[in-house]
Amino acid sequence: MHIEEITNKIHSMSLEEKVGQLNQAGLWDFELLCEEVRKGRVGSVILADSATAGNDEQQRVIIDQLNELQRIAVEESPVHIPLIFGRDVIHGYRTVLPVPLALAASFNPDAVEKAYRAVAREAANDGVHWTFSPMIDIARDPRWGRCIEGFGEDPYLTSKMGQAVIHGFQGEDNKKADSVAACAKHYLGYGAAEGGRDYNKAEISDYTLRNYYLKPFKAAVDAGTATVMNSFSEISGQPVASSRYLLHDILKDELGFKGFIISDWGSIEQLVYEGVAKDRKEAAALSANAELDMDMISKCYIDYMSKLVAEGKVSEEIIDKMVYRILYIKEKFGLLNNPYITHRQINYSEHFEITKQCADETVTLLKNEGILPLNTSKRIALIGPFLHEKRSLLGSWTLDADIDMVQSVAEAFADRVPDKDTLIFSQGDYLWDDILSELHNVDTVLVVLGESAKVTGENNCLANIELPQEQLELAKKMKRLGKKVIGVLCFGRPIALEKAEPYFDAILYAWHSGTYAAQSIADIVYGKVNPSGKLPMSFPRATGQIPIYYNYHAMPRNGMGYYGEGSNYLDCRSTPMYPFGYGMSYTKFAYSEARCEKAALT
Ligand code: BGC
C-alpha cells in the first residue's frame, strides 16, 4: 500500500475503526482478545502479561495463537487490517547478549549491530514484529536499576549504540521476515529520575535536555527507528505523556520523526494519578492532543476517544494523523501484505560467534597487579556466590532466554583446564570453608561475586551500591590467609569499589554478560582473549558521589579540573574510582603525535 492508498483507507474507515488502531491490548484472556480483535477494537497486541515484564516470568509466545489472532483481524474484523505484535526483546531472545550497559563497554557498534541482527532473526521467527528496544536514556545514577538497559552516561556513545541496535533489529529491508521494528525509549529524561528511584519525577532544564537527553533520540530518528515510547517521567512538572511540546513539537516537528509513538505501559491513565487529568477521559484527551499515537494497555483511547471527538475535545484530523503513522509502519514492515508467521528451523549455534564476541569485548579489566592472565596448569581455588550461578549471568529482561545454553563459571573453567586436579571448587555460596583444608595447596583464589539480576532492571533500585558486606568479607578472608585474590565481579550496574579494591590483586568486571558470560570470563582469565572493555559509566568511589559523570560542566570555583577535582567532599575525593572509558588489557599501548582533524571546534 502506498501513501495515497493509506490515506484512502483512512478515509473509508469509521471513527470507531480508526480508534481501534490506536489501541494496544495485552495477552491475558485469549478468548476475550479474539472477540475484541473481531470487533476491530485492537490495532496491536503486546505479548506480555504483566506490567513489569522484565522482572516476572512471562508466557512463551505461541505462534498458532498469533496466527489465529491475525486471521481474525484480517478476515473477520471490519477493517481487515493486520495486528502488529510487540514484545520486549531487549538484549537477546533465546541467545542472550550482555546487558546493554555492558555492550556499551565494547565501544563496538559494528559488532552490536551484527549481534542484534541475530537477535532479530530469532525473535521474528517466533512472530515478534516489533520490539521495545533500544533504551537510549542517558544514565548518571547507578542506583537506578534501569541503567543496565541503556548505554551509560555519554550521549555520543549512546547515540552510536542506539543506532546500531535499530539497524540490527530493522535490517536493510524492512519488508523481510527477519526485520523487527525498533522502539527508541523512553522519551524523554527517564534516566534523570530523582535520587535514582524508578518512576520518579525529573528536573531538566532545556539546556540539559537538548545537550544530553535529547541527542540519542535525534540519532535514533536519523537511524529510522520505527517507533518511540514515551517515558513515565514528569519533567519540570509536566508528565511526558501529556506534553505536546515534547511529543509533537520537538519529536515530530523538529526532529522529523515519521513513525508512531507508543505510550509506556498505562502511562496515559497514569495522568490521572499524576494529578493533571481529572479522569481517564481527560487523560485520553490530553495524550491525543499531544499526538501520542498508540495507547499501551490503559484502554483510555478505546473507551473515550469517539466521545471526545463527538464533543469536539479532540479533532478527527488528529486521529487521522495518528492512524496514518500506525498504518505507515505496518505497511513499511510488510505486515499489510504478509501478515502471517511462518516459523522456520533456526540454527541457534550460528549465533554463538557474534554473541561470544560481544561478551569477550564487554568484560572489563579494572585492576591487574601482574597476576592475570593465568596459566591453565596453575593450581587455583574458586569460591563465591556466583561460581555456580547461571540465571543472573543473563541479566534482567530475558523473557525468552534458553537457560540450558548457559554455563556457570565453574563449568567454563573446568572445560578449559586439562588437569582436573588444578581446580579446587567450593560448592558453597557464602560458605567457602568446605575447601578450607585444601587452600594451603594454592596461592591464588578466584572469587566470583555479583548481584542478582533481580536487583537490576525496572523498579529495582538500590540506595547502597558498595560491594555487599558479606562479599567483601570473603575477599578479606582470602587476603588474611595470604592468598592472591582475583575478583570476578558480575554486576549489572557500576558499583562503588573504594573500600573493596585493596583486597583484590586483580578485578575483572564481568557485568551480566549473557549466554556466554562464563566462557568469556574463563577465556580472559587464561589469556585466550585479551580484555578490551572500557567503562561506559563512571564508577564512583562511594555512593554519596552520585551523580558523577565525565562530561561534567566544569565550574570555576572547583578548579575547572577533571571531574570537578578541586571541589572535594571533606570525606571523599571528587574523582571517580574508575573514570568513563577506563579499562585495561594485557597489552601495553603507547600514544604519540595526536592530531585533530579540525583546527577549530564549535
Ligand atoms: C517499561 C517499558 C516496557 C513496557 C512493556 C514498561 O513498564 O517501562 O520499558 O517496554 O513496560 O513491557
Next item on the list: Would you list which lysines come within 21 Å of K588, measuring only between C-alpha atoms, while excluding same-chain residues fewer than 8 positions from it?
Entry: K367, K528, K534
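Note down the magnitude of the dipole of the chain about its Cα centre, charges +1 on Lys and Arg C-beta and -1 on Asp and Glu C-beta and zero elsewhere, to the nearest 20 debye. Present the calculation step by step, with values, prior to reporting the outcome.
Numbers: 63 positive and 82 negative charges, 289 e Å.
That gives the chain a dipole magnitude of about 1380 debye.
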Next item on the list: Take peptides 144-152, 164-172 and line them up by average Cβ neighbours within 10 Å, highest first, as a rough protection proxy.
Entry: 144-152, 164-172
Next item on the list: Using the charge dipole of the chain (Lys, Arg: +1 at Cβ; Asp, Glu: -1 at Cβ; taken about the Cα centre), state which of G92, Q270, G492 has its Cα farthest towards the positive end.
Entry: G492
Item checked: Normalised contact order of the chain, rounded percent, pairs of Cα under 8 Å and 6 or more residues apart -> 17 percent
Checklist line | Three principal axis lengths of segment 473-602 [C-alpha, angstrom, descending] | finding: 49, 40, 28
Item checked: Estimated FRET transfer efficiency (D222, K479; beta-carbon r; R0 56 Å; 0.05) -> 0.65
Margin query: Tell me the angle of helix 352-362 to the major Cα principal axis of the chain, expressed in degrees between 0 and 90 and rounded to the nearest ten.
Written below: 70 degrees
Item checked: Distant-in-sequence amide H partners of A181 (H built 1.01 Å from N, under 5 Å) -> W130, T131
Check: Given 4 °C and 1.567 mPa s, how large is the Stokes-Einstein diffusion coefficient of the chain in µm²/s, with Rh as the Kirkwood radius over Cα pairs?
Finding: 51 µm²/s
Next item on the list: Write down Rg/Rh for segment 271-315, rounded to two decimals, with Rg from the C-alpha atoms and Rh from the Kirkwood relation over Cα pairs.
Entry: 0.92
Check: In segment 334-396, which chymotrypsin sites (Phe, Trp or Tyr not before Pro) fall in coil by DSSP and have 13 or fewer other Cβ atoms within 10 Å?
Finding: Y340
Check: How far, in degrees from 0 to 90, does helix 109-125 lean away from the longest principal axis of the Cα atoms of the chain, to the nearest 10?
Finding: 60 degrees
Check: Once phi is turned into ³J(HN,Hα) by the Karplus curve 6.51 cos²θ - 1.76 cosθ + 1.60 with θ = phi - 60°, what whole-Hz value does each residue of segment 461-466 show in order, with x for glycine and proline?
Finding: 10, 10, 8, 10, 10, 6
Note to self: Going Cα to Cα from K299, which aspartates and glutamates come in below 17 Å? Please leave out same-chain ones fewer than 8 positions away.
What the structure shows: E16, E17, D29, E35, E36, D49, D264, E269, D279, E282, E291
Next item on the list: Calculate the translational D of segment 1-93 in whole µm² s⁻¹ from Stokes-Einstein, where the hydrodynamic radius comes from the Kirkwood formula applied to all Cα pairs, the temperature is 20 °C and the viscosity 1.002 mPa s.
Entry: 151 µm²/s
Check: What whole-number value in cubic angstrom gives the convex hull volume per residue for the C-alpha atoms of segment 330-478?
Finding: 185 Å³
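For segment 49-88, give the percent of accessible area contributed by carbon and sulfur heavy atoms, probe 1.4 Å, rounded to a whole number. Walk me through the numbers on the way to the answer.
Working: 740 of 1600 Å².
In segment 49-88, the share of accessible area belonging to carbon and sulfur is 46 percent.
If r is the Cβ-Cβ distance from R416 to E350 and R0 is 25 Å, what FRET efficiency results, to the nearest 0.05?
For R0 = 25 Å, the calculated efficiency reads 0.65.
Run through the DSSP bridge list for the chain and note the antiparallel percent, rounded to the nearest 5. Don't jump to the answer; show the numbers that get you there.
Numbers: 10 of 47 bridges.
About 20 percent, rounded to the nearest 5.
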Next item on the list: For the chain, find the longest principal axis of its Cα atoms and tell me its angle to the long axis of helix 3-12, 0 to 90°, nearest 10.
Entry: 60 degrees
Notebook entry, point to check: In nm, to one decimal, how far is the D29 label point from the D56 one, both placed 7 Å along Cα→Cβ?
Noted result: 1.6 nm
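If you keep only loop residues by DSSP, which trypsin sites (Lys or Arg not before Pro) in segment 259-289 have at most 12 other Cβ atoms within 10 Å of their Cβ? Mind showing how you got there, number by number?
Working: sites: K278, R280, K281; in loops: K278.
Within segment 259-289, the qualifying trypsin sites (Lys or Arg not before Pro) (loop, at most 12 other Cβ atoms within 10 Å) are K278.
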Check: So what is the accessible area of the chain per residue, in Å², with the probe set to 1.4 Å?
Finding: 40 Å²
Check: If you average 1/r over every pair of different alpha-carbon atoms in segment 226-358 and take one over that average, what Kirkwood value in Å do you get?
Finding: 16.5 Å
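Would you please name the GluC sites (Glu not before Pro) within segment 1-83 that are DSSP coil residues with at most 14 other C-beta atoms within 10 Å of their C-beta? Before the final figure, lay out each step's value.
Working: sites: E4, E5, E16, E17, E31, E35, E36, E57, E68, E75, E76; in loops: E57.
Qualifying residues, ordered by number: E57.
The values are calculated or read from the model by the stated rules, or taken from the named source; none is laboratory data. Nothing here was measured: the structure is a model prediction, and the numbers come from that model. When we count neighbours, we look across all protein chains shown, and the Cβ atoms used for this are built from the backbone with ideal geometry, even at glycine. Protein only, heavy atoms only, side chains kept; ligands, DNA and RNA dropped before computing areas. Shrake-Rupley method; radii C 1.70, N 1.55, O 1.52, S 1.80 Å.
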